[in-house]
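One structure is given below, encoded as structure tokens.
The values are calculated or read from the model by the stated rules, or taken from the named source; none is laboratory data. Because the structure is predicted, anything quoted here is derived from the model rather than measured. Because the Cβ atoms are built from the backbone with ideal geometry, glycine has one as well, and the counts that use them run over all protein chains shown. Only protein heavy atoms, including side chains, enter the accessible area calculation; ligands, DNA and RNA are left aside. Shrake-Rupley method; radii C 1.70, N 1.55, O 1.52, S 1.80 Å.
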Amino acid sequence: MSSPSGVGASPVRPDAVAKLTGEFGYATELHAPGELHGATVRSPVAAADLLGVETAEAMRVRGAYRVLTIADVPGARRVGVKTPDQPVLADGRVRHHGEPIAFALAETAEAARRMALLVRPILRPRPALLDPERALDADAPRVGPDGSNLVHRLRLAHGTARRGATGVRRRWRTGRQDAAFLAPEAGLALPDGAGGVVLRVATQDLHHDRAQIAAALGLPEERVRVELAGVGGAFGGREDITVHVHLCLAALLSGRPVRALYSRAESFGAHPSRHPAIMTYELTADPDGTFVSLAADLLFDGGAYASTSKAVVGVAHYFAAGPYRIPRVEITTRAVYTNNPVAGALRGFGATQVCFAMESTVDALAAELGLDPADVRRRNLLEPGEPLATSGQALAGVAAPASLLDALAAVPLPAATPAPGLRRGVGVAVGIKSAGLGDGRPEGAGIVLRADRHGVEIATAAPEVGQGVRAVLAQIVTECLGPVPITFADSTSALPASGGSKASRQTMASGGAALRAATRLRQRLGGATPVDLSALGDGTSIVVEERYDAPPTAAPDPRTGRGDPHIAFQLTAHRAVVDVNPALGTARVVQLVAAQDVGRALNPALVRGQLAGGTVQGAGFALLEEIPVDADGRGGAAGFGTYLLPAAVDVPEVIPVIVESGDPRLPFGAKGVGEGPLISSPAAVAAALRAATGRPVARIPAHPEDLATSHDPAATAPAAAAEEPAAVDG
């Protein structure tokens, strides 16, 4: 059917008006009568033994109520989004600067903050491990909970290579980017009067949060209810537990509502940031540019706790070779514990780091061979149906990767020339990542539709974190039923599990559930489209509950690295145009073109927004965004004055190009969209910086000293690369 509000249209999203008018209720604005206020006491050092917590002075603050420590936790003392290794509050050890040690409760927010300053943790400093390259040395300080500093390791080696090929070996680094969402962590917990608790919080996964909270409280999961409060951005930064257990524990012990709101500086240190990576790539090719072999060693700094490091390692490992045909690959990928801030999920999730390294190495090899880098890419890009060089899984349900380069080339370059004294560079990059969890894990979602004569209510636990999932679900239901009035129930953990809003999965998973439920509801209403709701009498309703499970995957064989771990693929490509002032080492992005195979654009306006937003976020990673960590392991930023984000004046012309090649195994053929734009945009910007300066640009974000050129003509000659010998014997 065709509808102005159905699939393929771009109707106004359900939350748009409330957000534009300021009426949308964000988690930062939650209150309840009789509430207490909480503030977190955090470690001033990166590594120490915790010998005790002195609270007497804090309890003398007017309005002081109580200080909670690990001794007050009745259940599991450790939580974790993947591995339960992170103490709810410090338990005998402090492993990173800013680690929560205690939770101060008071009658006012000001009193709670004052208490937090006066609580005195008794700490005995330990040697801090801050260099991830030392983490696996025999004499390195032990950080991991089991005495090992290895979080996870994967290795694969297969295929054959011819000797004598030309090659390059390069070492690349990426920094610690933050999600930098606009609304800091906040929540409100309320005792339910029957020994349970209700938590209203901004989160990416209601049911996963509930499981961790219940374990820490020593309660059955049904005694904990998590309700989605308004989310002011996420990007992966709300996957981990932050204030959740502290609030719920405080509400149960006090019998009163308890709220907390982090400061901006506290937010930067409280949630995980992107894994910094050190990556050595060696790529060889025949004289015509045909790839022969790839060897890569990838090291990710996971910080003090595991968070999502294991999953990030998996994504990085299996997309380390990009969408290229390479006969011989040998890849080792590790994440290690350090006393640096915790690293975890952030849009792109490992694929961003390795895309920068792989695409930069491709450019370096093209320069070594004297070939055009776009021609080298075209010669080696996979065709649909061919196996990935790493896992051997067939590249299925996608457009030809080379077609994305065609899409970029079809967009005219900027007509204006750079101002005097500036040098212009153009760079291209191609990226790939999975959509959905994969790796043998179940991938599905449930949904409930309730129809009466007034319309259809959609009840979903899929967190709306700004990506527009509610808009897409409404469109799918409209596509099946016709233009009926649609409303949404509040998203809570009492609804069927939908999994998290992560891994670019909700359109596929919850969208699939919505399609099944709406199809069954239409059948129960007579099978016609549009349906006739007026036939339902007053007080009569029809309730349909459905679940969608994505095509199964299989974890790769640990001995060979071969398998089918991916549900679907996000293919993306970017072209960046930058102007560089070589005297100052400053750069301005002039144009960004983003082409992505989205399967089918269920809502083209939302898709264009995702492509533009992720592309700008990637440009920020290439040029500006980095959480500093000093020599004492003190990480974080004071605010948006020190953590630099692209502002409106920094955003160039951004041209999103939607490529539609539907995956027939998925609902409406739609694949995940959200992460793709942040996979290859940093690599494209870095390539453009090299083209403009002739400098190696071996790290992102690039610093002024990486871009400034001398007056030596050799310093401005075209070059692509970095720090190691320019040729190897393949």
_Amide H contacts of ARG505 (H built 1.01 Å from N, under 5 Å, at least 5 apart or other chain)_ = GLY436
*Check cross-link reach from LYS310 to the aspartates and glutamates: straight Cα distance under 12 Å, and skip same-chain residues fewer than eight apart.*
ASP301, ASP439
*asked:* How much accessible area per residue does the range 279-326 have, counting only protein heavy atoms and a probe of 1.4 Å, in square angstrom?
replied: 17 Å²
*Environment charge at VAL531 (Cβ cut-off 13 Å; Lys +1, Arg +1, Asp -1, Glu -1)*: +1
*Within the range 148-192, what residues put their amide N at less than 19 Å from the label point 7 Å along the Cα-to-Cβ vector of GLU222?*
192
*Please give the net charge around GLY482, taking every other residue with its beta carbon less than 15 angstrom from that of GLY482, where Lys and Arg add +1 and Asp and Glu add -1.*
+1
*Calculated FRET efficiency, ARG378 and LEU150, Cβ-Cβ r, R0 35 Å, to nearest 0.05?*
0.35
*What nm value, rounded to one decimal, do you get for the distance between GLU330 and LYS19 when each label is placed 7 Å out toward the C-beta?*
4.9 nm
*Calculated FRET value between ARG162 and ALA554, using beta carbons and R₀ = 30 Å, to 0.05*: 0.40
*Using R₀ = 25 Å, calculate the FRET efficiency as 1/(1 + (r/R₀)^6) where r is the Cβ-Cβ separation of LEU371 and LEU644; round to 0.05.*
0.10
*What accessible area per residue, rounded to a whole number of Å², is obtained for the range 552-647 using a probe radius of 1.4 Å?*
35 Å²
*Pop out the carbon and sulfur fraction of the accessible area of the range 32-150 as a percent, whole number, probe 1.4 Å.*
50 percent
*Compute the accessible area per residue over the range 59-149, keeping the other protein chains in place, probe 1.4 Å, unit Å².*
49 Å²
_Mean projected area in nm² (Cα convex hull; one quarter of hull surface) for the range 398-478_ = 10.8 nm²
*asked:* Could you work out what % of the accessible surface of the range 186-287 is carbon and sulfur, using a 1.4 angstrom probe and leaving DNA, RNA and ligands out of the count?
replied: 52 percent
_If I model a spin label at LEU51 and VAL411 as a point 7 Å from the Cα along the Cα→Cβ vector, what separation in nanometres do I get?_
6.0 nm
_Linear extension gain, SER263 paired with HIS703, 0.36 nm per residue minus alpha-carbon span_ = 155.6 nm
_Just want to confirm a number: the relative contact order over the range 287-374, from Cα pairs under 8 angstrom separated by 6+ residues, in percent._
39 percent
_Among 673-683, 230-240, how do they line up by average Cβ neighbours within 10 Å per residue, starting with the highest?_
673-683, 230-240
*Would you mind calculating the relative contact order of the chain from Cα pairs under 8 angstrom and at least 6 residues apart, reporting the percent as a whole number?*
17 percent
*For the chain, which DSSP H helices look membrane-span-like by this rule: Cα extent along the axis of 27 Å or more and mean Kyte-Doolittle of at least -1.0?*
604-623
_Considering only C-alpha atoms, what is the centroid distance from the range 46-62 to the range 597-642, in Å?_
37 Å
*asked:* At 7 Å along Cα-to-Cβ for each site, give me the label-to-label distance between LEU536 and ARG142 in nm.
replied: 6.1 nm
*Express the carbon and sulfur contribution to the solvent-accessible surface of the range 544-645 as a percent, rounded to the nearest whole number, probe 1.4 angstrom.*
55 percent
_Accessible surface ranking that places the most exposed of GLU133, GLU29, GLU443 first, with a 1.4 angstrom probe_ = GLU29, GLU133, GLU443
*Report Rg/Rh for the chain, rounded to two decimals, where Rg is the Cα radius of gyration and Rh the Kirkwood radius.*
0.98
*Theoretical gain in end-to-end length, ASP286 to HIS31 [0.36 nm per residue, Cα-Cα removed]*: 85.2 nm
*So between ASP632 and GLU545, what do we pick up on full extension, going 0.36 nm a residue minus the alpha carbon distance?*
26.0 nm
*Report the local net charge at SER491: Lys and Arg +1, Asp and Glu -1, summed over other residues whose C-beta lies under 13 Å from its C-beta.*
-3
*Looking at the range 402-445, which trypsin sites (Lys or Arg not before Pro) are in a loop (DSSP not H, G, I, E or B) and have at most 13 other Cβ atoms within 10 Å?*
none
